[in-house]
1. How much length would be gained if the chain were fully extended between SER55 and LYS24, taking 0.36 nm per residue of separation minus their Cα-Cα distance, in nm to one decimal?
2. Taking Rh as the Kirkwood radius, which is the inverse of the mean 1/r over Cα pairs, what is the Rg/Rh value for the stretch 18-81?
3. Taking H as built 1.01 Å from N, whose amide H comes closer than 5 Å to the amide H of GLU50, not counting residues under 5 places away?
4. Could you give the length gained on full extension between LEU37 and GLU81, defined as 0.36 nm per residue of separation minus the Cα-Cα distance, in nm?
Amino acid sequence: MEGVTSSTPDKNDIKNIKMEISGKTRVAELLREYPELMDYFLSLGLCGCEYGHDSSYQWPLIKVSKEKKIPLEELISQIKERLP
C-alpha cells in the first residue's frame, strides 16, 4: 500500500532506544536490558546471590546509592557512561 508506514519499529530501532534510568530503576531491570553492566555491579559488591526479594538485584538504584554511599546522580552517571 502506497503511503502507508508501519507503526512497528524495526529491531535495529528498538536497540537504539535507551531506557530511562532513575532512582526507582532496579538493578535487575538494568541487567536485563544491558548485561554488559554486570561487571560494574559486581565491582560494587552486588552479586544477586541472595534469594528472592532480598537479592541486591531487586534493589532500586536509590537503595544501591545509600548502601554503597555513592550519591544517586553520580551512580546514574557512572551507569550511563558504561552503556553502548
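Quick note: the coordinates plus some simple rules give every number you see, no bench work behind them. These numbers were taken from a predicted model, which means no experiment stands behind them.
1. Values: separation 31, 0.36 × 31 = 11.16 nm, distance 1.57 nm.
The SER55-LYS24 span can extend by a further 9.6 nm.
2. Working: Rg = 10.6 Å, Rh = 11.6 Å.
Reported Rg/Rh (Cα atoms, Kirkwood Rh): 0.91.
3. Close amide H contacts, sequence-distant or interchain: SER56.
4. Values: separation 44, 0.36 × 44 = 15.84 nm, distance 1.03 nm.
Residue separation times 0.36 nm, minus the Cα-Cα distance, leaves 14.8 nm.
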